[in-house]
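Remarks on the structure that follows.
The values are calculated or read from the model by the stated rules, or taken from the named source; none is laboratory data. Computed from a prediction, not measured in an experiment: that's the story for all the values here. We place every Cβ from the backbone using ideal geometry, glycine too, and count neighbours over all the protein chains shown.
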Amino acid sequence: MINDETIEVKPQSISKSHPLCVNGTLNAVTYHMEYAGEITIVGHGAGGIQTADAVLRDLIDIRRRIFKKF
């Protein structure tokens, strides 16, 4: 087995016809596999309201944990 694993995340320009070019609250990720080639998975993201709700819940949880220690 060849241990040549590379993970890379970076901003990059893509064409409008590329599978990663999704609209609205969709998310996409592409994997480049040695034998299977390029695999792209597209799914619904959270959206603005859902993300704001999650951030607020996280902040409330952090506050509760901090004051629980005292």
- Failed condition for residue 65, given (1) assigned to a strand (DSSP E or B); (2) modelled with pLDDT of 85 or more: (1)
- Item | Neighbours by Cβ (under 6 Å, 6+ apart or cross-chain): first from the range 36-53, at pLDDT 90 or above and polar (S, T, N, Q); second surrounded by 11 or more Cβ atoms within 10 Å (Cβ to Cβ) and assigned to a loop (DSSP other than H, G, I, E, B) | 40/19
- Search the range 7-63 for residues being exposed (fewer than 10 other Cβ atoms within 10 Å of the Cβ) and of a type in the set (Lys, Arg), and hand back the single one that is farthest from the chain's Cα centre (by Cα). 16
- With respect to residue 6, determine if the residue is modelled with pLDDT under 85 and part of a helix (DSSP H, G or I). no
